[in-house]
Amino acid sequence: NFWFQTGDAFARPELYVDWIEIEGPVFEAWPPASHINLLFASKTRELNESEYAREVIAQFLPRAYRRPVTDAEIAEKHAIFARVSKAGSSFEDSIRAALTAALVSPNFLYLTEDQTGSSRATATPLNAHQLASRLSYFLWSSMPDAELMALADNGQILKPNVLRRQ
């Protein structure tokens with residue numbers, strides 16, 4: 001609808017928009033690579049979605065937390081998946097809730113370290129994964145890459161010459 005204003009020094013048309021629709025994002029292929037990397041192909045998905053969710057969580061948490069995770073941590077996130085799924089949500093919404101819980105956890109948001117001592121004299125040394133995380137965030141402001149994570153997993157990063165090379 002166009003109409004002219006009255007009372008102004010000059011008349012001009014005004015446009016009122018009743019509806020607008022935006023489509024996107026548009027991907028070349030669906031699902032995108034980020035989706036496939038997270039929700040990987042597995043026969044378990046067709047057989048038992050709950051067990052598949054546990055596999056997804058078990059693969060996701062070590063990367064998110066930048067360290068090996070415990071069975072209890074996996075079970076905690078899987079319980080969130082189960083609770084949301086039981087409430088009637090889709091698999092994607094249920095797994096999203098569990099992974100979101102991991103992404104708002106202090107284990108993801110901060111470089112967590114064991115704080116057993118309160119003073120510098122009684123502080124414990126960094127373990128391999130803590131050292132790898134500190135190094136990667138210092139050098140390239142991101143999580144450890146595959147090479148650095150492998151060195152942390154096998155403890156090699158604790159060797160001074162390996163650390164110096166990295």
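The values are calculated or read from the model by the stated rules, or taken from the named source; none is laboratory data. Note that this is a predicted model, so its numbers are computed, not measured. Cβ sites come from the backbone with ideal geometry, for glycine too, and all protein chains shown count toward neighbours. In case anyone asks, the SASA skips ligands and DNA or RNA and just uses the protein heavy atoms, side chains included. Shrake-Rupley method; radii C 1.70, N 1.55, O 1.52, S 1.80 Å.
Peptides 94-100, 40-46 ranked from most to least packed, by the mean per-residue count of other Cβ atoms within 10 Å: 94-100, 40-46.
Per-residue 3J(HN,Hα) values for region 77-92, derived from phi via the Karplus relation 6.51 cos²θ - 1.76 cosθ + 1.60 with θ = phi - 60°, read 6, 5, 5, 5, 4, 4, 5, 5, 5, 5, 6, x, 7, 5, 4, 4 Hz in sequence order (x marks Gly and Pro). Each of the peptides 85-93, 126-134 was scored by the mean count of other Cβ atoms within 10 Å over its residues; in descending order, highest first, they stand as 126-134, 85-93. Take every pair of alpha-carbon atoms less than 8 Å apart whose residues are at least six positions apart; their mean separation over the length of region 27-166 yields a relative contact order of 15 percent. Surface analysis of the chain yields an accessible area of 72 Å² per residue, using protein heavy atoms and a 1.4 Å probe. Karplus-derived 3J(HN,Hα) values for region 18-24, using 6.51 cos²θ - 1.76 cosθ + 1.60 with θ = phi - 60°, are 8, 8, 9, 10, 10, 10, x Hz; glycine and proline are entered as x.
Within straight-line reach of Lys43, meaning a Cα separation under 27 Å, sit the following lysines at least 8 residues removed in sequence or on another chain: Lys77, Lys86. By the helix-only formula, in which each DSSP H run with n ≥ 4 contributes -39500 (n - 2.57) and the sum is divided by residues, the chain has a 222 nm mean residue ellipticity of -15500 deg cm²/dmol. For region 40-166, the carbon plus sulfur part of the accessible surface works out to 55%, probe radius 1.4 Å.
Give the calculated FRET efficiency between Ala146 and Val17 to the nearest 0.05, with a Förster radius of 35 Å applied to their Cβ-Cβ distance.
Working: r = 49 Å, r/R0 = 1.40.
Computed FRET efficiency for Ala146 and Val17 comes out at 0.10.
Quick one: if the Förster radius is 35 Å, what FRET efficiency do Asn127 and Ile36 give, using the C-beta to C-beta distance and rounding to 0.05?
Numbers: r = 32 Å, r/R0 = 0.92.
Computed FRET efficiency for Asn127 and Ile36 comes out at 0.65.
When you count the other C-beta atoms within 10 angstrom of each residue and take the mean per peptide, 146-155, 50-59 line up highest first as 50-59, 146-155. Please report the net charge: other residues with Cβ closer than 12 Å to the Cβ of Met149, K and R +1, D and E -1. With Lys, Arg at +1 and Asp, Glu at -1, the neighbours total 0.
Just check region 14-59 against the gyration tensor rule for me: Cα atoms, a ≥ b ≥ c as the square roots of the eigenvalues, rounded for a/c under 1.5, and otherwise prolate or oblate depending on whether a/b exceeds b/c. Show your work: numbers first, answer last.
Numbers: a/c = 4.18, a/b = 3.01, b/c = 1.39.
Taking the square roots of the gyration eigenvalues as a ≥ b ≥ c, region 14-59 is prolate.
Each residue of region 43-48 was assigned a 3J(HN,Hα) from its phi angle through the Karplus curve 6.51 cos²θ - 1.76 cosθ + 1.60 (θ = phi - 60°); the sequence is 5, 4, 4, 6, 7, 7 Hz, with glycine and proline shown as x. What is region 6-86 by shape, rounded, prolate or oblate, if you read a ≥ b ≥ c off the alpha carbon gyration tensor as root eigenvalues and call it rounded for a/c under 1.5, prolate for a/b larger than b/c, and oblate otherwise? Prolate shape, in that a/c is at least 1.5 and a/b is the bigger ratio.
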